[in-house]
Amino acid sequence: SSAIDKATGGKLTAKAIIGTWNYSQPGVKLSSDDTLSELTAAAATTTIQTKIAPYYTKVGIKPGVCKFVINEDGTFSSTFGSKTYSGTYTFDPSTNKLNLKYGSAYMDLGKMGTIPAFAYMNGDKLQIVFGMDKLLTIITTLGSNVDSLSTITMLLQKYNGLKIGFEFSK
């Protein structure tokens, strides 16, 4: 999907992200300007996903209880456990930049303002990923265990160009 996005200016992703997406596993994106390096980095993502999945589970991010709905009209909703949050988004297909803005009614996430993210298609799966500092802020806001966060941070510090978040399937 990365190669197609580069060739089409992100138009594949812009159309493909619309829909209801169910959380399946941590999303990991190692960026590179070199397609061969991206393919090599893809092999490392499985290792990273395996290492961080147990920490996601500890904070309640697991299959069956998390989902993301992206609508064509620029609105979205995300469900984490029993809480559903909604807001608006903008997507720039040329950069894969997805800006999420939760409504002010959601004090915990709404007070964060616009949350910069990136949306990528990994085959038929949607990855919504963030810079590591932003992801840690989101997880903390959702009420996670600080010990788990410091462990995740230590595991991931050695990877350059790392974006991390969530991977969803339809």
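The numbers here are math on the coordinates, done by the rules we state, and not lab data. These numbers were taken from a predicted model, which means no experiment stands behind them. Quick reminder, even Gly has a Cβ in these numbers, built from the backbone with ideal geometry, and neighbours come from all protein chains shown.
Cross-link pairs exceeding 19 Å in C-alpha to C-alpha distance, out of 58/101; 67/101; 97/170; 11/163; 125/163; 51/163, comprise 58/101; 97/170; 11/163. Simple spin-label estimate for residue 90 and residue 169 gives 3.4 nm between the two label positions (7 Å along the Cα-to-Cβ direction from each Cα).
Here residue 57 and residue 124 are evaluated by their C-beta separation; at R0 = 22 Å the FRET efficiency comes out at 0.40.
The slack between residue 49 and residue 73, meaning 0.36 nm per residue of separation minus the straight C-alpha distance, is 5.5 nm.
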